1. Quick one: what pairs do we get from the stretch 124-152, first residue under 20 Å from residue 254 (Cβ atoms) and among the charged types (D, E, K, R), second open to solvent by 70 Å² or more (accessible area, probe 1.4 Å) and at pLDDT 85 or above, C-beta under 7 Å, 6+ apart or different chains?
2. Which members of the stretch 462-501 meet the condition of being assigned to a helix (DSSP H, G or I) and open to solvent by 30 Å² or more (accessible area, probe 1.4 Å)?
3. With (1) farther than 30 Å from residue 415 by Cβ; (2) at pLDDT 80 or above as the list, and residue 311 as the residue in question, which single condition is left unmet?
4. Say whether the condition of being open to solvent by 40 Å² or more (accessible area, probe 1.4 Å), in contact with a strand residue (DSSP E or B) (Cβ under 7 Å, 6 or more places away or on another chain) and at pLDDT 75 or above is met by at least one residue in the stretch 271-293.
5. Quick check on the stretch 32-54. Is at least one of its residues touching a Lys or Arg at 6+ places or on another chain (Cβ under 6 Å) and under 25 Å from residue 508 (Cα atoms)?
6. Given 243, 259, which one is on the phi < 0 side of the Ramachandran plot, without any contact (Cβ under 8 Å) to a residue 40 or more places away in the chain, open to solvent by 40 Å² or more (accessible area, probe 1.4 Å) and touching a helix residue (DSSP H, G or I) at 6+ places or on another chain (Cβ under 9 Å)?
7. Of all residues in the stretch 404-436, which are open to solvent by 30 Å² or more (accessible area, probe 1.4 Å) and touching a residue at least 24 places away in the same chain (Cβ under 8 Å)?
8. Residue 173 versus (1) touching a Ser or Thr at 6+ places or on another chain (Cβ under 8 Å); (2) modelled with pLDDT of 85 or more: which is the lone unmet condition?
Amino acid sequence: FSQEVCDPNIGGNIIMCPQCDKACTYWNLTITCESSKKLCIFDSFGTLVFAVFMGIWVTLFLEFWKRRQAELEYEWDTTEYLEQEEQVRPEYEAQCTHVVVNEITQQEEHVPYTACGKCVRMTFCTSAVFFWILLIIASVIGVIVYRLSVFLVFSSTLSQHISGTEAIRKYLTPQTATSVTASLISFVVIMILNVIYEKVAILITDFELPRTQTDYENSLTTKMFLFQFVNYYSSCFYIAFFKGKFVGHPGNPVYWLGKYRNEECDPGGCLLELTTQLAIIVGGKAVWNNIQEVLLPLAKNLMGRYCAAARSEKVVPRWEQDYHLQPIGKLGLFYEYLEMVIQFGFVTLFVASFPLGPLLALINNMLEIRLDAWKLTTQFRRMVPQKAQDIGAWQPIMQGIAILAVVTNAMIIAFTSDMIPRLVYYWSFSVPPYGSHSTHSMKGYINSTLSVFNISDFKNASKPFSPWFGNQTTCRYRDFRYPPGHPHQYEHNIYYWHVIAAKLAFIIVMEHVIYFVKFIISYLIPDVSQKTKSKVKREKYLTQKLLHENDLQVMKKTMGKIADKIISRVDSTIRPKAE
């Protein structure tokens, strides 16, 4: 693919149609030579193998975590931890003004709301969650509108303000400038919305008034993850599955909101742009979170020590210095869990477009382990331990991400990458009856993926201002459509339907194979190891043995006393007769 794009005799002779109305001009395919070379790194068969491996690895990770969790439950004695053992939240008890009868104990209990009041609260909270999620989607649409509008500006002005050095022009294309700036703006918007929606989620959960701390954390976990999921992943989903998919053709383009012409992908697809988006968000998020976790508590503690030293001249004891450290907060490690689960989503959901994600996550986690150890031991007060049976709602969330990851990676490979069209061309359209080569070959592939458009068919609303150069009357665009003059001109050709059928077949086969392997792995690996089961059975056996021996000793003592009384009475009745 990249060889034909960069070849001056092939890509150099292909003139592409403008990608926006009026202001954009015709451009040469060789402009995308560098991006096509980079695309070959990710858009390859190795990426497919790695995506399949990651789909299986996620299952192994979750299954072995269940085994590890069972071991920790046994070691920390939370195997039979019941909800009744957990204390009721003071905020819940303070609102208990209604009296109801418990169905189990048949005794009166105080609750903060009636059944009708609970329904009203749940309805309000659910509506608030969906409202804020829609606001997140609105912000994403705003970034999309920015992409559509700024591409027009870059296309019309970028080439005029850049000096004539060819090296800069081939790297700083309108597509690249739009992609990078939109990704940076999207990252800034995501960070700002995170701060806002964190406060909103806490307010909604407080209004919901859960009974125990576990219920509170599970409810907050669900809300925060929904917010973060839409906030972090929506822009990536747009690039992966929507950008460049509904653009029409140069003679009849599709418009957003009736005004903005839909974005088109590069001739190699949108995979490289998705990789850029993921790299900026994942890398920026990791750097920002580590800086925030280190510098923010450190700055607060330094200011607190400075103020305390200014007020007092005596030597402050160690325990008082520790008291002036930052409080850990009532949510404890909630934000650490949230950060890891969001990272888990990036590593699994989009690994087909960003294979370096797991490596970057590993490096980040190795660094963060030490930073968190330093932070918790020097910048925060000592945490108060609390009993918990498992990691709560995070477990089903990660299982849901693992299931969704198979679908997203299959769709990325099928619809975002160029792998399936290449395979269809190699096996079907490079040889007769569709092709002219005697053997299977990739020669002529780039020509088969670019349709022909007659410049005289431009509408006045989209006809470019710049004059046509040369004596050619056609330009090319990325799609599979019949050429002008054909009875079905500008309609999808047979190559398009072959590619669509191959993509759908690939998704079905890949999903079913990976899901089948995941099911087999889940079935073969028990949630509790045999060693832990033996320990639990041994503990139950010893407990039953102690109870049995205790009952036996009590019985012996009781029977001994009864026997002594019987013997003494018999002796007292026999002795007078003998005398």
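The values are calculated or read from the model by the stated rules, or taken from the named source; none is laboratory data. Computed from a predicted model, the values in this text were never measured in an experiment. Reconstructed Cβ throughout: ideal geometry from the backbone, glycine too, with neighbour counts over all protein chains shown. The accessibility values were calculated without ligands, DNA or RNA, using every heavy atom of the protein model including side chains. Shrake-Rupley method; radii C 1.70, N 1.55, O 1.52, S 1.80 Å.
1. Between residues of the stretch 124-152 that are under 20 Å from residue 254 (Cβ atoms) and among the charged types (D, E, K, R) and residues that are open to solvent by 70 Å² or more (accessible area, probe 1.4 Å) and at pLDDT 85 or above, there is no close pair.
2. 494, 496, 497, 498, 500, 501
3. In the conditions (1) farther than 30 Å from residue 415 by Cβ; (2) at pLDDT 80 or above, residue 311 misses (2) alone.
4. No, the stretch 271-293 has no match at all.
5. no
6. Answer to the check: 259.
7. The answer is 404, 407, 411, 415, 422, 423, 428, 434.
8. If we test residue 173 against (1) touching a Ser or Thr at 6+ places or on another chain (Cβ under 8 Å); (2) modelled with pLDDT of 85 or more, just (2) comes out false.
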